[in-house]
Amino acid sequence: MVKRNIVLLDIDYITYEEKPVMRLFGKVKGENSNDLIALDDSFVPYLYILPSGNIDKSIKDLEELKRNGDLEFTKLEKVIKKDFQVPTEFIKISFTHPQDVPKYRDIIWDLDSVKQLREHDIPFYRRYLIDNALVPMAELELEGELIDSFETINSNNDSLEIFKLSEPPKTANTDFQQFRMMSFDLEVRNPHGMPNPEEDEIIMIGIDSNVGIRKVISTKGDEFSNDSEMCFIEKVDSEKEMIESFIKTVKENNIDIIIGYNSDLFDFPYLKDRAKIWGIDLDLGLDGSNIKFIRRGFNNAATFKGLLHVDLYLVMRRYMSLDRYTLERVYFEFFGEEKIDVPGDRIYEFWDNGGNELKNLFKYSLDDVVSTLKIAQETLPLNLELTRIVGQPFVDVTRMATGQQAEWYLVRKAYEVDEVVPNKPNMTMKNIKERGSNVGGYVKEPEIGLHENLVQFDFKSLYPTLIISKNISPDVLVKENNSHNTKFEDFETGYDDIDNIKEEELSSDMDNDEDYYISPEHFFKFKKEPQGFIPSALEDILNERFAVKNKMKATDNPVLKKSLSVQQQALKRLANTMYGVYGFLRFRWYSFECAQAITAWGRQHIKKAMEEAEAYGFKVIYADTDGFYAKYLPEMKKE
DNA sequence: AGGTTCCGGGG
DNA sequence: GTGTACGGAACCT
């Protein structure tokens, strides 16, 4: 029996002898930061079936399908799980292979005795992380034994350990970890418009890192060999050697995270195409595997097994709100300095002309990677914290929309409280039209002019607070099923209410019913007891944030303080995103009623606060959603 | 007005 | 890979 503590970098599964084997990619904690791939063949795919009537009838039907050879499964179990907090009997059906789930999904769903399938679209590796309470980028404890080799792992990396788990891994701690990071960037000689990998060679590969490597690999640069300012140039003889040197640099320095800017769409596809011309493999995977492009929505993510590739461009689009997200613009936003800029269509001229222009091109290439790394060091800590909170792989989290981060956090939470997660809603264009759009926060257009003596007022996390205090959650929403009231009519009447609403009605205390909180404008009813799933998850987040902030105050260690500060920011972001899960289509906890109730209560609160301020002699100049600016005019004060 | 297409970043 | 997705601006009809 061998034990290892590793930091879990990434996870996937492969098929071995027709069965799935999870692969945990990590680096061993301790002096020797060996890489390690842990294998676990004990985890089994499953989903839940909600019977439409008698559960035994459903089981009979499933067994019948199996006898006919139309369905294969390994196990049927009756289980009690909560569905919107109501204990409900489900059938848990287990399969041999994750692929059996999409394969047999439809045939099961088509059975008359089956009402719904649940948790049938949770990727296998995510299921594994959730069910074992594992957190990526944190420390795990492994028990098992070392083995010499395993199918699909063809690495010539001597320091790689292959580890076969004898029991499920455990989370050792979720403390801050250090990672070896490297940024890179290509420059291409493209005299005819955008670079074309069939013709246009790579002329420079810039590299910066937090492990002491900072250089530009290029086929030119001899002319600066006596220029001490230019000692970052690594001169090679061909593009082939340039690419080989890049690969060697990544491998030899044991890089955990490789960072580019728009590298999903430009640098890695280009590098792959050029490498192919020279017969070079981009085999940077921990298991010796090649780069792989994975379709993720409208992007093609460049990925390696166990080497984490972050495309900072995608991260920045979520990290801050800007009109443009060029590297120059983002860098300026952070550091207030302009970057060296060489227009893309003139790079070849600088290259061809040599001399001072070539020198500037080298500097530009280095500046690009230095800037990329600097921005990464500013932003990745937050994403690492989000990874540990959300509990899904780092590369996934850096590419996820914030709403998805919230959703996966909730999926994990649901597992912890024994809830079966809702399916993704299947909204058609027709539904959306019928539904109409939600009214947002209250906005009072600013009064034009220069104002003095302004006071600012805002609600601290208005929406999260409302979700908790009014228990806004689909599982405690009372749906009135009047037979004469179709869903469509409900929406219609809802809208009439908004248009004809009177101020008095708005401020009246409609939500003081004994058992329910009743939303203004639409009068949606939310039970006061029990606490809804989303409010409870949100409260956990806010409590956690409070605890982190207290730890922050208590420590004098600046490194710990910084890391805790990032942690509480991540929690704040997640809390603020939670409102979004109600309003966005395709999300599992989508609830238009909840989204409407939140903004309606929000409008009520801000208006009430404004009224009160005005009674004290403040004149509101501008208001938006959760706060306003007001000017003190004592003559306005009501006696 | 209401629908549909295009685009982001990169050289 | 227990896949197939974004959101706003610009441009149609």
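Numbers for the structure displayed
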item	result
Within segment A:45-66, tally of residues that are within 33 Å of the chain's Cα centre (by Cα) and surrounded by fewer than 18 Cβ atoms within 10 Å (Cβ to Cβ)	0
Selected residue (only one of A:455, A:439 is modelled with pLDDT under 95 and either touching a Pro at 6+ places or on another chain (Cβ under 6 Å) or in a loop (DSSP other than H, G, I, E, B) (or both))	A:439
All strands (runs of 3 or more DSSP E) inside segment A:32-127 with 1 or more residues being over 18 Å from residue A:421 (Cα atoms)	A:35-40, A:75-83
Any chance residue A:273 is surrounded by 19 or more Cβ atoms within 10 Å (Cβ to Cβ) and touching a residue at least 12 places away in the same chain (Cβ under 8 Å)	no
Yes/no for residue A:553 being exposed (fewer than 15 other Cβ atoms within 10 Å of the Cβ), modelled with pLDDT under 90 and over 30 Å from residue A:120 (Cα atoms)	no
Residue A:243 vs. criteria among the aliphatic types (A, V, I, L, M) and assigned to a helix (DSSP H, G or I)	yes
Pick from segment A:277-298, criterion away from DNA strand B (no atom under 16 Å from the Cβ) and surrounded by fewer than 13 Cβ atoms within 10 Å (Cβ to Cβ), ranking: nearest to the chain's Cα centre (by Cα)	A:294
Answer residue from segment A:357-385, given it is under 18 Å from the mean Cα position of the chain (by Cα) and among the acidic types (Asp, Glu) and is surrounded by the most Cβ atoms within 10 Å (Cβ to Cβ) among those	A:385
Qualifying residue in segment A:131-139 (condition: within 13 Å of DNA strand C (Cβ to nearest atom), outside any strand (DSSP E or B) and under 30 Å from residue A:72 (Cβ atoms))	yes
Criterion: more than 30 Å from residue A:393 (Cβ to Cβ) and either surrounded by fewer than 13 Cβ atoms within 10 Å (Cβ to Cβ) or within 16 Å of DNA strand C (Cβ to nearest atom) (or both) - qualifying residue of A:201, A:167, A:234, A:229	A:229
Strands (runs of 3 or more DSSP E) fully within segment A:288-352 counting 1 or more residues that are within 13 Å of DNA strand C (Cβ to nearest atom) and closer than 30 Å to residue A:27 by Cβ	A:292-296, A:299-303
Test: residue A:90 is free of Cβ contacts under 8 Å to residues at least 40 places away in the same chain, at negative phi, within 16 Å of DNA strand C (Cβ to nearest atom) and surrounded by 14 or more Cβ atoms within 10 Å (Cβ to Cβ)	no
Among the residues listed as A:70, A:83, the single one being outside the structural domain of residue A:136 (by TED's automatic domain parsing), acidic (Asp, Glu) and crowded, with 18+ Cβ neighbours inside 10 Å	A:83
Subset of segment A:303-318 (residues that are within 13 Å of DNA strand B (Cβ to nearest atom) and of a type outside the set (D, E, K, R))	A:312, A:313, A:314, A:315, A:316
Condition check for residue A:220: over 31 Å from the mean Cα position of the chain (by Cα) and more than 15 Å from DNA strand B (Cβ to nearest atom)	no
Single match in A:582, A:632, A:622 (criterion: surrounded by 21 or more Cβ atoms within 10 Å (Cβ to Cβ) and aromatic (Phe, Trp, Tyr))	A:582
Condition broken by residue A:366, with the remaining ones in (1) away from DNA strand C (no atom under 16 Å from the Cβ); (2) among the aliphatic types (A, V, I, L, M); (3) in contact with a helix residue (DSSP H, G or I) (Cβ under 8 Å, 6 or more places away or on another chain) satisfied	(3)
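The values are calculated or read from the model by the stated rules, or taken from the named source; none is laboratory data. Nothing here was measured: the structure is a model prediction, and the numbers come from that model. So basically every Cβ, Gly included, is an ideal-geometry build from the backbone, and we count neighbours across all protein chains shown.
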